[in-house]
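Written below as structure tokens is the structure these notes are about.
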2 protein chains.
Amino acid sequence: MEKLYTITELTREFGISTRTLRFYEDEGLVHPERRGRTRLFRHSDRHIIQNILRGRRIGFTIAEIREIILAYREPPGELGQLNLMLKRVTEKRIELNQKRKDIDDTIAELEIIEELALTRLAEIGVGS
Amino acid sequence: MEKLYTITELTREFGISTRTLRFYEDEGLVHPERRGRTRLFRHSDRHIIQNILRGRRIGFTIAEIREIILAYREPPGELGQLNLMLKRVTEKRIELNQKRKDIDDTIAELEIIEELALTRLAEIGVGS
DNA sequence: ATTGACTTTTACGTTAAGGTCAATAGAATG
DNA sequence: CATTCTATTGACCTTAACGTAAAAGTCAAT
């Protein structure tokens, strides 16, 4: 017997609002069952929510996230669609590699800032 | 004699609009000189624009980008501000490390999708 | 002198991703 | 059964980061 989650259980677990989960349902990303009017989420929905949040953190739009979820769920049967998909995947990978580099560069910059601040702190600490 | 850039030179170089550059000026991120009413950007402005775009790619807001630029430009003199800054830097680094992990996971997932698609392609290619 | 390319300011418009609020409905607990 | 949570639907609201359009100035080239 699969465990079902209420909406507030999930909002607490993931630190998001009920509005957000209903929004994701409206967008067709999750498909909770209903007991009466109340939503009950499955493990699969919970897993999708994790994917959504991960995509969100790296700046994907809902449309892009949906695209990835669908691509995973059912690879297209038609040749043209498959080639299109491969092209999109390649684009995304290039984009993500650029982002990785941007993140590394920014972390390096933050480390410089940190050292500047620590140096100033030491000066002030000594002087006061 | 330092080379100065017109606004369209920069829009072409960076693939952004004039509106965007004026917006960044309104936000106090760049400070082009004026010849008459026309803006002329320095190397330093050009460099800042690169930083803005990098920050933008990894999902920083303009406010966050400004914060980093200012922190770099002039580390605060007061102790409380310095400690606050160190705290913020640590937060950002944690956030960026999470993003790195998210990106790596997503790239791995894209690779799975790619393989699925290539497999399907091979099947179709053989069958047709 | 006119065209064309480029620039300026002002100001309203747009989009994504939810926030917020009101009215209503079930569900659970004393 | 009355109360008290918690959920739902529907509607309008919000914010960031620009887009877009209008009206007008600048400057070189034709």
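The values are calculated or read from the model by the stated rules, or taken from the named source; none is laboratory data. Please read these numbers as outputs of a predicted model, since none were measured by experiment. As a convention, Cβ positions derive from the backbone with ideal geometry for all residues, glycine included, and neighbour counts pool all protein chains shown.
Observations
- Counting the residues of region B:59-95 that are within 30 Å of B:ARG22 (Cα to Cα) and either touching a Ser or Thr at 6+ places or on another chain (Cβ under 6 Å) or not in a helix (DSSP H, G or I) (or both) gives 6.
- Residue in region A:18-57 that is surrounded by the most Cβ atoms within 10 Å (Cβ to Cβ), counting only those that are within 16 Å of DNA strand D (Cβ to nearest atom) and within 23 Å of B:LEU96 (Cα to Cα): A:ILE49
- One residue stands out in region A:1-41 among those that are of a type in the set (S, T, N, Q) and outside any loop (DSSP other than H, G, I, E, B): the one that is nearest to DNA strand C (Cβ to nearest atom), namely A:THR20.
- Looking across region B:32-58, just one residue is in contact with a Ser or Thr (Cβ under 9 Å, 6 or more places away or on another chain) and among the small types (Gly, Ala, Ser), and that is B:GLY55.
- Boolean, B:GLU2 is more than 14 Å from chain A (Cβ to nearest Cβ), modelled with pLDDT under 95 and more than 16 Å from DNA strand D (Cβ to nearest atom): yes
- Residues of region A:42-73 satisfying the condition of being more than 12 Å from DNA strand C (Cβ to nearest atom) and under 18 Å from A:THR6 (Cβ atoms): A:ARG42, A:HIS43, A:SER44, A:ASP45, A:ARG46, A:HIS47, A:ILE48, A:GLN50
- Checked against (1) crowded, with 17+ Cβ neighbours inside 10 Å; (2) in the same structural domain as A:TYR24 (by TED's automatic domain parsing); (3) under 21 Å from B:ARG57 (Cβ atoms), A:GLU64 meets all criteria but (1).
- Set A:LEU96, A:LEU29: member being farther than 25 Å from A:GLU9 by Cα and aliphatic (A, V, I, L, M): A:LEU96
- Only a single item in (1) under 20 Å from A:GLY77 (Cβ atoms); (2) of a type in the set (Asp, Glu); (3) at pLDDT 95 or above is not met by B:GLU123, and it is number (3).
- Residues that are more than 8 Å from chain A (Cβ to nearest Cβ) and either over 21 Å from the mean Cα position of the chain (by Cα) or more than 23 Å from A:ASP102 (Cα to Cα) (or both), drawn from region B:77-110: B:GLU78, B:GLY80, B:GLN81, B:LEU84, B:LYS87, B:ALA108
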